[in-house]
1. Taking the condition within 23 Å of Ser275 (Cβ to Cβ), surrounded by 20 or more Cβ atoms within 10 Å (Cβ to Cβ) and over 29 Å from the mean Cα position of the chain (by Cα), does Ala238 pass?
2. Could you check Phe61 against (1) among the aromatic types (Phe, Trp, Tyr); (2) touching an Asp or Glu at 6+ places or on another chain (Cβ under 8 Å); (3) at pLDDT 95 or above and say which number it fails?
3. Just to be sure I understand, how many residues within the range 297-332 are in a helix (DSSP H, G or I) and either of a type outside the set (Gly, Ala, Ser) or over 15 Å from Ala253 (Cα atoms) (or both)?
4. In the range 206-235, how many are among the small types (Gly, Ala, Ser) and loosely packed, with under 14 Cβ neighbours inside 10 Å?
5. How many residues, within the range 75-96, are closer than 23 Å to Ser20 by Cα and either out of contact with any strand residue (DSSP E or B) (no Cβ under 6 Å at 6 or more places or on another chain) or not in a loop (DSSP other than H, G, I, E, B) (or both)?
6. Can you tell me which residue among Leu366, Leu381 is of a type in the set (A, V, I, L, M, F, W, C), in a loop (DSSP other than H, G, I, E, B) and exposed (fewer than 13 other Cβ atoms within 10 Å of the Cβ)?
7. Asn340 fails exactly one of the following numbered conditions: (1) outside any helix (DSSP H, G or I); (2) among the polar types (S, T, N, Q); (3) more than 30 Å from Thr59 (Cα to Cα). What is the number of that condition?
Amino acid sequence: MNLLQDIVVVDFSQFLSGPSAALRLADLGAQVIKIEKPGTGDICRQLYVSDVLLEGESTIFHAINRNKQSYAADLKNPDDLERVKHLLAQADVMIHNFRPGVMERIGLSYEVVKQINPGIIYAEVSGYGNEGPWKDLPGQDLLLQAVSGLSWLSNNDNEGPTPMGVAVVDIMAGTHIAQGILATLYQRGITGEGALVQVSMMESILDFQFEVLTCYYNDGNELPVRSAVNSAHAYIAAPYGIYRTKDGYIALAMGNILLLGNLLGCEPLLQFTESQDWFNKRDTIKAILADHLVHHTTAHWLGILEKADIWCAAVLNYDELLQQEGYKVLDMEITVKTGNGISVTTTRCPIRVDGDILLSGTGAPLLGEHNEQIEEQFGLLKEMSPRG
């Protein structure tokens, strides 16, 4: 299903934030052309922190760049730059995630590209925006997790800040820039005018925390206090958290402590008759729960709680997850093939439209794999005038 059929995206971005946005546009049917430096390409091909390699390249690169075309061009070479400008003259969307000032030095600022193609959607992801004392700092995921306050929300109160185990800032920034691109494509369909779409990773990860930041803003700027026991959310009462069982772990979401006490046969919980205590005394309650739940298996407790419609779940690792029928029925895995015929298993686009899954079997491109095809399609070797 090609919902964005005939939409051409020229993507200069590297690593994860911009490429994740371009991946989603490709999943929706756009033609995504990845501009890469000859010889090395996207730095993510080699430098991204994965010790699992495919064709000598990071698996992360293959996951984030499937279903795209690669056009190798040296933007410092006047001829290559001119070809790229001719390509932009025929494009619908341009994406980059360079630091402020880089595209201006290359000669592909928004003002320049808008003159070449007034209808283009020019999308840029930065680390901290284009103004202020942080604008030139590296927009790296862990650093943004650290400075944004996010890492102070995880782990117990007596433990240090804990980052998330995925590149959440990159992915959220990519999601937000993709949303902006889609909205301005719709607007262009009405007005015929292009637009500049900007997202900073810092703003994205602050928005990601809108729930807890709103509490902080409206609570006299009182810092969130994590539970000392089984912490999972600074602003939610007991039993919210993950607990060890006899053979694993169980997650408990919001729930009635008195009901839990009766269902679990945990008499000490029955003393907490006031619901306000479920927050004020949450550490005491969680400690009681932790001591009680460890005596039986996860399956034992789930058998009791699920029947009573208590919000709970087993805590699974990937090996365990893949054995579950609930996972299998989603059919989330796809196998794509690279230009060299190498098969790569990864996750598919999570969007369904009219019940249909959006699929493509095309893997990440080889560096410069599509130069000839793109030059022929867009006439890049011929004299042509920019679209006005």
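1. yes
2. (3)
3. Taking the range 297-332 first, the residues in a helix (DSSP H, G or I) are 298-308, 318-321, 325-328.
From what's left, either of a type outside the set (Gly, Ala, Ser) or over 15 Å from Ala253 (Cα atoms) (or both): 298-307, 318-321, 325-328.
Counting residues in the range 297-332 that are in a helix (DSSP H, G or I) and either of a type outside the set (Gly, Ala, Ser) or over 15 Å from Ala253 (Cα atoms) (or both) gives 18.
4. First, pick out the residues of the range 206-235 that are among the small types (Gly, Ala, Ser): 220, 227-228, 231-232, 234.
Narrowing further to those that are loosely packed, with under 14 Cβ neighbours inside 10 Å: 220.
Final tally of qualifying residues: 1.
5. So the answer is 9.
6. On the way: Leu366 fails: exposed (fewer than 13 other Cβ atoms within 10 Å of the Cβ).
After ruling out the rest, the residue left standing is Leu381.
7. With (1) outside any helix (DSSP H, G or I); (2) among the polar types (S, T, N, Q); (3) more than 30 Å from Thr59 (Cα to Cα) applied to Asn340, the lone miss is (3).
A quick yes/no check of all residues on (1) of a type in the set (Gly, Ala, Ser); (2) out of contact with any helix residue (DSSP H, G or I) (no Cβ under 9 Å at 6 or more places or on another chain); (3) surrounded by fewer than 16 Cβ atoms within 10 Å (Cβ to Cβ); (4) part of a helix (DSSP H, G or I):
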{"position": "Leu270", "(1), (2), (3), (4)": "no, no, yes, yes"}
{"position": "Glu274", "(1), (2), (3), (4)": "no, no, yes, no"}
{"position": "Lys286", "(1), (2), (3), (4)": "no, yes, no, yes"}
{"position": "His295", "(1), (2), (3), (4)": "no, yes, yes, no"}
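The values are calculated or read from the model by the stated rules, or taken from the named source; none is laboratory data. In this text the structure is predicted, and so the values were computed from the model without any measurement. FYI the Cβ positions are ideal-geometry reconstructions off the backbone, even for glycines, and counts take in every protein chain you see.
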